[in-house]
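Derivation of every value follows stated rules applied to the coordinates shown; laboratory data play no part. The model shown is predicted, which means the values in this text are computed figures rather than measured ones. Cβ placement follows ideal geometry from the backbone for every residue including glycine, while neighbour counts extend to all protein chains displayed.
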Amino acid sequence: MQQITEANLDQERMLLYIYTPFCGTCTVARSMLDKIESVHGLDIFFEMNASLYPDFMQENKIESVPCLLIKEGNEVKEKIYAFQSIGNLYSYLMTYKPELFAAH
C-alpha cells in the first residue's frame with residue numbers, strides 16, 4: 001500500500017484507505033486490502049492516516065474509519081465504511097479497477 005502524500009492527493013483515479021493508527025476495525029480492514037494486493041502483486045490502494053489530514057476529512061465528509069474512498073475523474077464515487085469481506089471489496093474493484101481482471 002502506498003502512503004498518500006499532498007502531491008498524489010489530487011490524482012483523478014484513486015482507491016484511498018483511510019484509517020487511524022489505534023483503530024482495531026481498521027487493522028482488520030487493512031489486512032483484507034493487504035491480501036488483495038498480495039494476490040495481484042500490486043499496490044492498488046493508497047493509505048491515509050486520518051489524524052494527519054483533518055481538512056481532507058472535513059472536505060470529503062468522512063464520517064468514520066475505516067473508510068475506502070473511491071475517486072474517479074476528481075469526483076468521489078463511493079465511501080465504503082463496512083468492508084464486510086474480501087469478496088465484498090472485490091465487487092467494488094470489478095467496477096472501479098476492471099483492469100485487474102483483464103486476461104494477460
Exercise. Between Phe101 and Met1, 0.36 nm times their residue separation minus their Cα-Cα distance comes to what?
Worked result: 34.1 nm
For this session: Can you tell me the relative contact order of the stretch 2-98? Whole percent, Cα pairs under 8 Å, sequence separation 6 or more.
Result: 36
Seminar exercise, completed: Computed from the beta carbon distance with a Förster radius of 35 Å, FRET efficiency for Tyr90 and Phe22 to the nearest 0.05 stands at 0.80
Exercise. What are the GluC sites (Glu not before Pro) within the stretch 60-104 that DSSP puts in a loop, where the Cβ has at most 15 other Cβ atoms within 10 Å?
Worked result: Glu63
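Local charge sum around Ile44 (other residues, Cβ-Cβ under 9 Å, Lys/Arg +1, Asp/Glu -1)? Before the final figure, lay out the partial values.
Working: positive: Lys97; negative: Glu37, Asp43.
Once positives and negatives cancel, what remains is -1.
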Exercise. How much mean residue ellipticity at 222 nm does the chain get from its helices, if each DSSP H run of length 4 or more adds -39500 (n - 2.57) and you divide by all residues, to the nearest 500 deg cm²/dmol?
Worked result: -10000 deg cm²/dmol
Seminar exercise, completed: Over all pairs of different Cα atoms in the stretch 2-98, the reciprocal of the mean inverse distance gives a Kirkwood radius in Å of 13.5
Exercise. What is the Cα centroid distance between the stretch 1-38 and the stretch 40-104, reported in whole angstrom?
Worked result: 7
